[in-house]
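The values are calculated or read from the model by the stated rules, or taken from the named source; none is laboratory data. Note that this is a predicted model, so its numbers are computed, not measured. In this analysis, Cβ positions are derived from the backbone assuming ideal geometry, glycine residues included, and neighbour counts consider all displayed protein chains.
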Amino acid sequence: MEKADDFAPIIKGIQATLEEWGYKSLVIPYLRTENSLSGKITGAKDFLSSFQSSSEILAEKVEFLAENLPDKKIIMAGLSSGAVLVNETVEEISENSQIYAIEAGIPFWTQTFESENTLQLNNNGKDSLSAGEIKTLLFTLIKAPFKWISSRISGQNLPFSQAFHAPGHDYFWDSPEVGSQIVTFLKTKIR
């Protein structure tokens, strides 16, 4: 969580909302890959297969929790490729009224699974990666190496993944496209 600068505020917002309503929550991060060369290779293969392998593993773990904690609610949440993993996991899980999903910024090439226990966010259509705005994405891809090199020269050392950042692919808890939609979803499903 401490390394997830982009998504941690949303998780904290969810926790604060649940706490405000009198619920206790626990965050259990799911690490998709090991921090090694073989882990990164395995992770890349899994990414290219739309997380087929890791979604099965995560589905088993979530169903285990649901079976052993029948009075608890489980919320899975992910951003971008993490949202793809959550989406694939939801598809693997048998219909269960205690498991919910929040998916933010699913890339356009992913076939999404619809469920009434799932909230899919796309910044109200402003996310160019979710919307599949090819021209915008290509322009961003072309600019990325120059942006990355420029950051190195200036001493900022921007990670390459941030140099290739799709316009509108930012999700902030305090925006109406994100926080208020999540709160409404949680009110309807959990409260």
Exercise. Among the residues of region 32-55, write down those that are closer than 16 Å to Glu88 by Cβ and outside any helix (DSSP H, G or I).
Key: Arg32, Thr33, Ser49, Ser50, Phe51
Exercise. Pick out the one residue from Ala144, Ala101 that is in contact with a Leu (Cβ under 8 Å, 6 or more places away or on another chain) and surrounded by 15 or more Cβ atoms within 10 Å (Cβ to Cβ).
Key: Ala101
Exercise. Would you confirm whether any residue within region 136-158 is farther than 21 Å from Arg32 by Cβ, in contact (Cβ under 8 Å) with a residue 40 or more places away in the chain and part of a helix (DSSP H, G or I)?
Key: no
Quiz item: Consider Gln156 against the criteria (1) of a type outside the set (Phe, Trp, Tyr); (2) crowded, with 18+ Cβ neighbours inside 10 Å; (3) out of contact with any strand residue (DSSP E or B) (no Cβ under 7 Å at 6 or more places or on another chain): it satisfies all of them except one. Which criterion is unmet?
Solution: (2)
Quiz item: Can you tell me how many residues in region 16-53 are surrounded by fewer than 16 Cβ atoms within 10 Å (Cβ to Cβ), farther than 19 Å from Leu85 by Cα and not hydroxyl-bearing (Ser, Thr, Tyr)?
Solution: 8
Quiz item: Among Glu56, Glu95, which is the only one that is surrounded by 12 or more Cβ atoms within 10 Å (Cβ to Cβ), under 16 Å from Phe113 (Cα atoms) and out of contact with any strand residue (DSSP E or B) (no Cβ under 9 Å at 6 or more places or on another chain)?
Solution: Glu56
Quiz item: What tally of residues in region 118-135 results from selecting those that are in a loop (DSSP other than H, G, I, E, B) and either modelled with pLDDT under 95 or surrounded by fewer than 16 Cβ atoms within 10 Å (Cβ to Cβ) (or both)?
Solution: 2
Quiz item: Taking into account only those residues within region 84-117 that are in a helix (DSSP H, G or I) and charged (D, E, K, R), which is farthest from the chain's Cα centre (by Cα)?
Solution: Glu92
Self-check item: Among the residues listed as Ser150, Ser161, the single one being at pLDDT 90 or above, exposed (fewer than 15 other Cβ atoms within 10 Å of the Cβ) and not assigned by TED's automatic domain parsing to the domain that holds Leu85
Solution: Ser150
Quiz item: Tally time: how many residues in region 176-191 are small (Gly, Ala, Ser) and either outside the structural domain of Ile75 (by TED's automatic domain parsing) or more than 18 Å from Gly78 (Cβ to Cβ) (or both)?
Solution: 1
Quiz prompt | Boolean, Leu58 is more than 18 Å from the chain's Cα centre (by Cα), of a type in the set (A, V, I, L, M, F, W, C) and assigned to a helix (DSSP H, G or I) | solution = no
